[in-house]
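Just so it is clear, none of the values below were taken in a lab; they were calculated from the coordinates. In this text, all values refer to a predicted model and were calculated from it rather than measured experimentally. Glycine gets a Cβ as well: all are built from the backbone with ideal geometry, and neighbour counts include every protein chain shown.
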Amino acid sequence: MNRPIRTINLGAIGQQADAPLPKPDGALYRPPNPDDTRKACRNCVMWVATKDRCIIHRKDQEVDDDQWCGFHIFGQPRKEWVEYEGIAPMTPELSGLRMVGPGAACASCKFYRYQDEKHGLCIGVSDPKTRRPGVVVESRGLCARYEGM
Ligand code: SF4
Ligand code: SF4
């Protein structure tokens, strides 16, 4: 019996392998802190300043003021630990917890290309319209794709 010949679309396979980079919002891009500081646990609402802990990570996970993760939210750190019943804590691997010294910012990310004091071109995310890399970001902005130099 003759079977129909199946064609394989190699072009489509190539497209899948070259999937576009995430858009800025898909990479959790956030604008600079309102006070223009660099982003770090020391200026995140989830950091427990008196205990070197973060309320979205396990209670026995030490988190220092010069660390940062992709879930950072700017604001005053907490004074006390708070227990949320039933919460599944974040692991450092999932949150991207890492040392960032004086703080993280696009200007010190390997994907950043300097334009002027306040702006640069990021080649680590794609333009929402064209889906091509090269998006203007703020020098003190930041996203979860941050890779310090
Ligand atoms: S680990 Fe992330 S969420 Fe926790 S305090 Fe630091 S930046 Fe905030
Ligand atoms: S420069 Fe780095 S941190 Fe800033 S948006 Fe691009 S990938 Fe994210």
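List of remarks:
- Charge context of Gly96, other residues only, Cβ under 11 angstrom, K/R +1, D/E -1: 0
- Cross-link reach list, aspartates and glutamates versus Lys118, counting only Cα pairs under 16 Å and skipping chain neighbours closer than eight places: Asp35, Asp36, Glu138
- Spin-label pair Glu80/Val136, simplified geometry with 7 Å Cα→Cβ offset, distance in nm: 4.8
- Extending 7 Å from the Cα toward the beta-carbon at both Met149 and Lys59 defines two label points whose distance is 4.3 nm.
- Of the chymotrypsin sites (Phe, Trp or Tyr not before Pro) in region 55-138, those whose Cβ has at most 15 other Cβ within 10 Å and which sit in DSSP loop: Trp81, Tyr84
- Local electrostatic count at Gly148 - Lys and Arg +1, Asp and Glu -1, tallied over other residues with Cβ under 9 Å: +1
- Descending semi-axes in Å of region 40-103, equivalent ellipsoid built from Cα gyration tensor: 17, 14, 10
- Reachable lysines, given that their alpha-carbon falls under 21 Å from the alpha-carbon of Lys59 and they are not under 8 places away in the same chain: Lys51, Lys79
- Theoretical ellipticity at 222 nm over the chain - DSSP helices of four or more residues, -39500 (n - 2.57) apiece, nearest 500: -2000 deg cm²/dmol
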